[in-house]
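The values are calculated or read from the model by the stated rules, or taken from the named source; none is laboratory data. Here the structure is a predicted model, which means the values were calculated and not measured. These accessible areas exclude ligands, DNA and RNA; they are computed on the full protein's heavy atoms, side chains included. Shrake-Rupley method; radii C 1.70, N 1.55, O 1.52, S 1.80 Å.
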Amino acid sequence: MHEWQNHKPELNTNTASLYQKFDILNKSDILAQNNLSPLQIQNLLKQEIINMQISNISFVPCPYIPHTWSEMNNFFQKYRRNKINFLRFIGYSYHDKCLSIGLDYDDIKKLKNGICPENHTVHIKKPFDFGGTSNFENLSLITTHPQHIQLHSLIEFQIGCGFLQSHKTIYIPHFDGHFIHD
């Protein structure tokens, strides 16, 4: 996603944009300057995690590693293959954990067949552009709404405010295990 370096989002108040999801963006003079320090971005991200009521999240600094489209295609092909095996692994190995996070027996049956249950997705914890792989250790099963959207909004925030462009690094939301609440 090499085009991230030159990404300049437009503020459109008529649509549900990333800017509207974060009140801090609309209220902060610091962000208008487009030169957030690593400490400032970490504090903003920590506050947003508190607002989102997500627990057990830390932030890991990850440098941007540009890849060619061919390399990215290879990453996604491996991901698509591993995703099915990962879902099967979760279904067979974490039956009790799946039940405890609200999945039912039909959902677990889908997992065993390599299919994501409704409102769930396989999340790549550390994106490919930041050194991630499609190994099982880098994959997790999380809800699409709200968890997956929330985690990605934290990354998009750093891109949208110019932090990635300025520092060539972003802070990736990190959690241990294959489920966000492990």
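A few notes on this one:
- Working value for the stretch 116-173: equivalent-ellipsoid semi-axes of 23, 15, 6 Å, each the square root of 5 times a Cα gyration tensor eigenvalue, largest first.
- Rounded accessible area per residue of the stretch 127-182, 1.4 Å, Å²: 34
- Put the Cα centre of the stretch 145-177 next to the Cα centre of the stretch 58-75 and the gap is 13 Å.
- Share of carbon and sulfur in the accessible heavy-atom surface of the stretch 78-182 [1.4 Å probe, %]: 50
- When nucleic acids and ligands are ignored and a 1.4 Å probe is applied, Lys168 ends up with an accessible area of around 90 Å².
- Taking 0.36 nm per residue of sequence separation and removing the Cα-Cα distance, the Ile65/His95 pair yields an extension gain of 7.2 nm.
- From phi via Karplus (6.51, -1.76, 1.60), per-residue ³J(HN,Hα) for the stretch 44-52 in Hz, x at Gly/Pro: 5, 5, 4, 5, 5, 4, 5, 4, 7
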